[in-house]
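The values are calculated or read from the model by the stated rules, or taken from the named source; none is laboratory data. Just so you know, these numbers come straight off a predicted model, no measurement behind them. When we count neighbours, we look across all protein chains shown, and the Cβ atoms used for this are built from the backbone with ideal geometry, even at glycine.
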There are 2 protein chains.
Amino acid sequence: MLCGMQSHDGPLARLRRGHEELVLDLLRKHGRLSRGELGTHSRLSRTTLYDIVGGLLASGAVVASASAPDAAPRKRGRPVETLTLNPEAGQAIGIDFARRGVHVAAANVAHEIVGSASEPHAADLTWAERTDIAQRLVRSLTGGALQFGALSAIGVGVVGPLTDPGGEAAYSRDIDGLPELLHKRFGVPVLLDNNTRLAALAESVWGAAAGDEDVVYLRLSHGVGGGLVVGGSLHRGAYGLSGEFGHITVDTAGAPCECGGVGCLETVASVGAVLDSYRAAGGRADDIAALLAALDSGDPAARDVLRAAGSQVGTVLAAVCNAVGPGVIVIGGELAAAGAALTGPVEEALNAHILPLSRHRLDLRQATLGEVGGALGGIRLVLREFSVLSR
Amino acid sequence: MLCGMQSHDGPLARLRRGHEELVLDLLRKHGRLSRGELGTHSRLSRTTLYDIVGGLLASGAVVASASAPDAAPRKRGRPVETLTLNPEAGQAIGIDFARRGVHVAAANVAHEIVGSASEPHAADLTWAERTDIAQRLVRSLTGGALQFGALSAIGVGVVGPLTDPGGEAAYSRDIDGLPELLHKRFGVPVLLDNNTRLAALAESVWGAAAGDEDVVYLRLSHGVGGGLVVGGSLHRGAYGLSGEFGHITVDTAGAPCECGGVGCLETVASVGAVLDSYRAAGGRADDIAALLAALDSGDPAARDVLRAAGSQVGTVLAAVCNAVGPGVIVIGGELAAAGAALTGPVEEALNAHILPLSRHRLDLRQATLGEVGGALGGIRLVLREFSVLSR
């Protein structure tokens, strides 16, 4: 199955992948086709078609049956063999190794999500222990019914920045040994990327921005991060550090940030920063749930700290939107649960600072995929990376 | 030749374009090949290859000769016909309709720039008059030797935002009638885009950022604008309004901007804004040349206004870079001619506000293509749009 990766190499291999996707796409649309019908629809030469179909049968992605169940019997000769997608064939697995939990999702060759599952764990687990959890969760997804003969790759999200994100060469010191371990356990190429960025990608495919090609995703959690979807693809930047909205300066005389900078958005709009502000204003809350409870009970201090954070978020988003021109902004993370108390001030500041021409062309939405977003993004990574035509 | 545009429609047409580009690419690499050799290298079926080559011969992109000049004579049968790219065939024309001048450039089927030309004109010319100039300039490029039988499209840059930029459907009220006029005169598809964005694209292909896939281009001129190149492609955003760096807020209590906003970068870093600051500081200069002369003569006020503008530019670029993660920033426009007096303060502010991890991964460069950048970007648009494999 490693041939999929080698297909990055040249135009011929790309054409072959294009032919494979054309055949899979026709089977997705028509359900069941004979080789002759596939030839007619695909206009591929007989030789090419037999070669491509042979490969797809061998991988388990496609299955052949002696004849269509409802076909009229032939007078003579062999019955016509027909081809269908193999619904039992898993084509892609996504895994998100978050700080304190593993999330997995699987998709079949019809590009349907078969299911997703999560398991929380202690923060100090080894990669081998986390990989055990991931394997167990994958097996649980379909009660073992899913075959992975057609599995083309797994897409994996991890915490923090990576060099060469999105492919097999992705690396950071924090994940040392993990790619090799996963490759050994699953026997297929392992594509790695930052899990926040994968969540951004997933929101643009299956979530709040489903069907939108240009999306800004902002995650307001213990850290503030994000991702850019550009023309339907995850944008990674020249050195794997795009979507760092949390480290855009909002106050040149502000507090020092973990990144080494000063006055970053993260210093005023992370969960910790908002809780600190609330406590400085005399409020009592140890976590976001307590702050949201105070908000619900009408506490003006809770409203004010969310307004202040939201206003800074909106100003940063306006700068990002002027640069990038997205159609949709998706806000996720624990802080997004504050709803309109946060998004109201975000929208106000956004409209005050965005190019007026853009003002009414932009939607602000709350993320919908929750904690499995990263794993779903991993699946999308695989389906995109191994698919020329199915964009 | 309109078939090129219809090729956007489906996978089959995309495969055909892929085949065409494969053949052109092999001829680019090998110079001269027989159909048999093309078959070996391309691995296309005989039927497909003859079909593709037939189309390329008909368009004039490829020429056939009875045999290779240095080939050994065959004992019997017809001489082997060999194929080469037609060096006389123009494949793409770029035109930039700037405010007060027309710029054109042309490329041949080998993707080489054949030449470029410019002509200034009064600001009040009609589109018909400007198109006359464009046609005359195109003809002048190669003394009439270039044939346009293989011309696949023209790429055209215009001032201001467009809806659906980058294709034939691009539109703004300001260019009403122009696309139809150009289509009539040149007889091929007309792809339109904003000329500043096309200049960004060109800098990433032939200019200061040649070979870089992720580029932020900022133009400091009478307006402040820019463009984003993402993964080697021009990024346009969901509604054609990306790269609007000039309208990122730098001072919420600042001066009103032409865009309708307040305190935009354009209000402090455009040519006009910098000249105003200089005069407010007691300097005398009617244009940038005079300001640069004052700078050269050691005038501290000239240095100070450029430092102030550069600092604001750097702060905005840091926000953009944190969001987008480019490998190179290119600064163009009249103000860039100030050199280190501007770029020094830009770099200082950039480094102060960019994510520290990104600090040493980013190059700041001065634009190199000058006024024909927009026309060259038009050519790139055509070569990309009509070419699947030659990225």
> Which condition number in (1) at the interface with chain B (Cβ under 10 Å from one of its Cβ atoms); (2) out of contact with any Ser or Thr (no Cβ under 8 Å at 6 or more places or on another chain) is the one that A:Tyr278 fails?
Replying inline: (1)
> When you scan the range B:224-239, how many residues do you find that are in a loop (DSSP other than H, G, I, E, B) and closer than 17 Å to B:Val320 by Cβ?
Replying inline: 3
> Quick check: anything in the range A:226-241 at pLDDT 95 or above, touching a Lys or Arg at 6+ places or on another chain (Cβ under 8 Å) and of a type outside the set (A, V, I, L, M, F, W, C)?
Replying inline: yes
>> List the helices (runs of 4 or more DSSP H) inside the range A:1-96, counting only whole elements, that have at least 2 residues being modelled with pLDDT of 80 or more.
In response: A:11-30, A:35-42, A:46-59
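Scan A:Ser221, A:Ser204, A:Ser242, A:Ser172 and give me the residue that is under 22 Å from the mean Cα position of the chain (by Cα) and facing chain B (nearest Cβ under 9 Å).
A:Ser242
Before we move on, is A:Gly272 in a loop (DSSP other than H, G, I, E, B), farther than 15 Å from A:Leu342 by Cβ and either more than 14 Å from every other protein chain (Cβ to nearest Cβ) or in contact with a Phe, Trp or Tyr (Cβ under 9 Å, 6 or more places away or on another chain) (or both)?
Against the criterion (in a loop (DSSP other than H, G, I, E, B), farther than 15 Å from A:Leu342 by Cβ and either more than 14 Å from every other protein chain (Cβ to nearest Cβ) or in contact with a Phe, Trp or Tyr (Cβ under 9 Å, 6 or more places away or on another chain) (or both)), A:Gly272 does not qualify.
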>> So, in the range B:279-306, exactly how many residues are part of a helix (DSSP H, G or I) and surrounded by 18 or more Cβ atoms within 10 Å (Cβ to Cβ)?
In response: 9
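Test B:Gly254 against the stated conditions and say whether it is outside any helix (DSSP H, G or I), within 14 Å of chain A (Cβ to nearest Cβ), small (Gly, Ala, Ser) and within 30 Å of the chain's Cα centre (by Cα).
Values: outside any helix (DSSP H, G or I): yes; within 14 Å of chain A (Cβ to nearest Cβ): yes; small (Gly, Ala, Ser): yes; within 30 Å of the chain's Cα centre (by Cα): no.
Here the answer is no, as B:Gly254 does not meet what is asked.
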> For A:Ser152, are the conditions met, namely being closer than 30 Å to A:Gln366 by Cβ, away from every other protein chain (no Cβ under 11 Å) and of a type in the set (Ser, Thr, Tyr)?
Replying inline: no
> Applying the selection to the range A:13-25, what residues are buried (at least 18 other Cβ atoms within 10 Å of the Cβ) and either more than 9 Å from chain B (Cβ to nearest Cβ) or free of Cβ contacts under 8 Å to residues at least 60 places away in the same chain (or both)?
Replying inline: A:Leu15, A:Arg16, A:Arg17, A:His19, A:Glu20, A:Val23, A:Leu24
> How many residues are free of Cβ contacts under 8 Å to residues at least 60 places away in the same chain and under 26 Å from B:Ala202 (Cα atoms) when one looks only at the range B:230-263?
Replying inline: 9
> Somewhere in the range A:191-208, is a residue hydroxyl-bearing (Ser, Thr, Tyr) and surrounded by fewer than 18 Cβ atoms within 10 Å (Cβ to Cβ)?
Replying inline: no
